[in-house]
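Taking it in order: structure first as structure tokens, then the write-up.
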Amino acid sequence: MKNVSLPFYAKLALVLFAIICLGYLAILGQSILAPLMASVLLAFLLLPLANFLQFKCRLKRGLASIVSVVLMIAVIAGIMAFLANQLSDLGQDWPLLKQQATHSFEELQHWVSRTFHVNAHKQIDYLRNSAANAIATSATVVGVTLMTLSSTLLFLAFLLLFTFFILNYRGVLYSFLKAVFKEEHEQKVSDIVGQIQYITKRYILGLFLQMLIVTGLMVTVLSILGVKYAVLLGLITGIFNLVPYVGIFSALLISILITFATAGAAKVLLVIIAFVAVHALDGNILMPLVVGSKVKINALFAFIGIVVGEMIWGISGMFLCIPYLAMLKIIFDRVDELKPWGILLGEKVNPSKKRKVYRITKKIKLEEPE
């Protein structure tokens with residue numbers, strides 16, 4: 001067959017059309033594709049444990065996969081139980097929090113009156129109008145909350161099932177990947193799969209270790225500052241920090257509200273300074289040391305990926321964008337036609353210093369012994 005060379009604008013139109021179609025299909029299949037993509041990451045993380053149970057403990061592959069998933073559920077349940085215990089303590093002190101919040105609100109109201117010359121009656125009227133609008137939309141809020149809860153439970157159910165099936169049928173999936181491509185590309189496919197497994201496992205383990213370190217730092221700093229519910233706020237900060245760039249600001253907002261309600265406005269500034277210090281330490285030391293790997297995504301495309309992931313799949317898309325961008329970069333770096341895209345996703349490479357070359361110019365004359 002004769003090769004047909006398409007003009008640039010035709011190729012660009014086809015690429016854009018393909019991207020739009022894939023994005024639309026991703027939005028339509030969110031309830032299945034989002035847990036499937038997350039389960040692939042968890043399967044990579046649990047693969048060493050499943051191999052250990054299968055080959056060292058002599059368990060069958062299906063039983064080893066089930067035990068691995070059950071252990072993962074136990075760890076997640078322990079974290080959720082600890083978080084629920086901390087939230088129950090917050091619920092018991094709710095009347096005190098309400099009283100403190102009322103007192104703080106009155107102080108804020110007097111400050112607004114003195115600073116902006118807006119009397120208390122106008123402020124109360126504005127709040128009443130806002131409250132009326134909130135009550136009018138409360139039914140919608142309750143409906144959205146119930147839908148979110150049901151979708152979360154469905155996501156978790158699919159996540160566990162897909163993780164088990166991927167672990168159980170990993171041999172079939174790997175054979176399929178090798179069979180799709182030509183035989184001369186088999187070594188390259190094996191190399192890409194191995195690199196993806198290594199990078200993904202290292203990335204997820206690094207994230208969990210980073211979460212533990214950030215949680216410990218925040219709990220220590222907030223306890224030194226005398227902030228109430230320091231353990232709860234530190235745990236929230238560690239979990240929210242898993243979402244790059246956005247999570248730390250959400251945790252800061254929650255911490256400011258709880259600190260303002262329990263300790264007034266005096267300690268809010270100290271909490272903000274503590275968050276800035278921990279975030280600077282995390283971004284400049286912990287992230288490169290613990291999570292950093294051979295595949296690094298630059299901040300521009302990491303932020304774009306987070307925004308696009310949130311637009312397509314919401315919170316789950318924000319969690320999944322970074323590891324899958326790392327996977328794409330691994331593939332781009334190993335396919336000749338796609339290497340420019342790998343350079344675009346990566347960080348700037350500092351040119352290595354030229355090594356000095358020393359040459360021996362002195363001639364050495366060897367004389368024969370007499």
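The values are calculated or read from the model by the stated rules, or taken from the named source; none is laboratory data. Values in this document were obtained by computation on a predicted structure and should not be read as measured data. Cβ placement follows ideal geometry from the backbone for every residue including glycine, while neighbour counts extend to all protein chains displayed. The protein model used for the area step is the full one, side chains on, heavy atoms only, and it has no ligands, DNA or RNA in it. Shrake-Rupley method; radii C 1.70, N 1.55, O 1.52, S 1.80 Å.
In whole Hz, what ³J(HN,Hα) sequence does the range 178-189 give by Karplus (6.51, -1.76, 1.60; θ = phi - 60°), x for Gly and Pro?
Here the 3J(HN,Hα) series is 6, 6, 5, 9, 5, 5, 5, 9, 5, 5, 5, 5 Hz.
Could you list which residues have their amide H under 5 Å from that of residue 296, counting only those 5 or more apart in sequence or on another chain, with H placed in the peptide plane?
347
Please give the length that would be gained between residue 156 and residue 12 if that part of the chain were fully extended, namely 0.36 nm times their separation in residues minus their C-alpha to C-alpha distance (nm, one decimal).
Numbers: separation 144, 0.36 × 144 = 51.84 nm, distance 3.83 nm.
Length difference between fully extended and current span is 48.0 nm.
How much of residue 191 can a 1.4 Å solvent probe reach, expressed as accessible area in Å² and rounded to 10?
70 Å²
Tell me the accessible surface of residue 313 in square angstrom (1.4 angstrom probe, heavy atoms of protein chains only), to the nearest ten.
40 Å²
Which value, in Å² and to the nearest 10, is the accessible area of residue 184 when all protein chains are kept and the probe is 1.4 Å?
130 Å²
Please sort 9-17, 202-210 by packing, taking for each peptide the average over its residues of neighbouring beta carbons within 10 angstrom, highest first. Walk me through the numbers on the way to the answer.
Details: 9-17: 10.3, 202-210: 17.0.
Peptide ranking by packing, descending: 202-210, 9-17.
Please give the FRET efficiency for residue 280 paired with residue 28, using the beta carbon to beta carbon distance and R0 = 41 Å, rounded to the nearest 0.05. Provide the component values of the computation, followed by the final result.
Details: r = 41 Å, r/R0 = 1.00.
Result of the calculation: an efficiency of 0.50.
Can you give the FRET efficiency to the nearest 0.05 for residue 88 and residue 178, using r as the Cβ-Cβ distance and R₀ = 51 Å?
Values: r = 51 Å, r/R0 = 1.01.
That pair, residue 88 with residue 178, gives E of 0.50.
At 7 Å along the Cα-to-beta-carbon direction for both residue 80 and residue 201, put a label point, then send me their distance in nm to one decimal.
So the label points at residue 80 and residue 201 sit 2.7 nm apart.
Leaving out ligands and nucleic acids, and using a 1.4 Å probe, what accessible area per residue does the range 174-291 come to in Å²?
Per-residue accessible area for the range 174-291 comes out at 52 Å².
Hey, which of these cross-link pairs are over 20 Å Cα-Cα: 188/329; 56/188; 188/339?
56/188
What order do 154, 59 take when sorted by accessible area (1.4 Å probe), most exposed first?
Ranked from most to least accessible, the order is 154, 59.
Heavy atoms only, probe 1.4 angstrom, no DNA, RNA or ligands counted: give me 285, 224, 306 ranked by accessible area, highest first. Write out the running numbers ahead of the final one.
Working: 285 85, 224 135, 306 5 Å².
Correct descending sequence by accessible area is 224, 285, 306.
In whole Hz, what ³J(HN,Hα) sequence does the range 196-204 give by Karplus (6.51, -1.76, 1.60; θ = phi - 60°), x for Gly and Pro?
4, 4, 5, 5, 5, 4, 5, 5, 5
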